[in-house]
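Undergrad: Below is the structure I would like to discuss, written out as C-alpha cells.
Each reported figure results from applying straightforward, stated rules to the coordinates on display, with no laboratory input. Just so you know, these numbers come straight off a predicted model, no measurement behind them. With ideal geometry, Cβ positions are generated from the backbone for all residues, glycine too; neighbour counts draw on all protein chains shown.
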C-alpha cells in the first residue's frame, strides 16, 4: 500500500506578514511598557475589535537585524500555552511591529 501525500500544517502558516501601515489595521489604545529597544502598546484590531499587544521594535537599536528576524521566525513556530502568541508582523523602514497576545496581570495591563 502506497503512502499518501499528507498535508502538514504548521503554526507558521497562520502568522501574517502584513503590508501597509499598521495604523490601517490597528488603533493604539495606550502605551503599557518600554524597554531599551522596544515599546509595547495595547491596541485594538479595527476589523474585529480584538485587543492585542503591539511590540514596536526600533531597528536602529538592534545589534543585528538578521538575528532578530530569526527570533521572529522561531516565534512563528512555537505553540505552547505558556509562551505568548504572535499573530502578525509588520515592518517599515524604522521599525518592526509584532502583534501579540495581550497578557494581563502583574506589570502588564
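Undergrad: How much length is gained on full extension from residue 34 to residue 79, taking 0.36 nm per residue of separation minus their Cα-Cα distance?
TA: So the extension gain works out to 13.7 nm.
Undergrad: Right, here's the next one. Using DSSP, restrict attention to beta bridges with both residues in the range 16-100 and report what percent are antiparallel, rounded to the nearest 5. Mind dumping the intermediate values first?
TA: On the way: 25 of 27 bridges.
If we restrict to bridges inside the range 16-100, about 95 percent are antiparallel.
Undergrad: Nearest 0.05, what FRET efficiency do residue 72 and residue 104 give at R0 = 35 Å with Cβ-Cβ as r? Can you show the working numbers first?
TA: Values: r = 23 Å, r/R0 = 0.66.
About 0.90, to the nearest 0.05.
Undergrad: Starting with the highest mean, order 45-51, 20-26 by the number of other Cβ atoms within 10 Å, averaged over the residues of each peptide. Working shown, then result.
TA: On the way: 45-51: 11.1, 20-26: 14.3.
Ranking the peptides 45-51, 20-26 by packing returns 20-26, 45-51.
Undergrad: How would 28, 43, 57 line up from fewest to most surrounding beta-carbon atoms within 10 angstrom? Present the calculation step by step, with values, prior to reporting the outcome.
TA: On the way: 28 13, 43 24, 57 21.
Going from sparsest to densest Cβ surroundings: 28, 57, 43.
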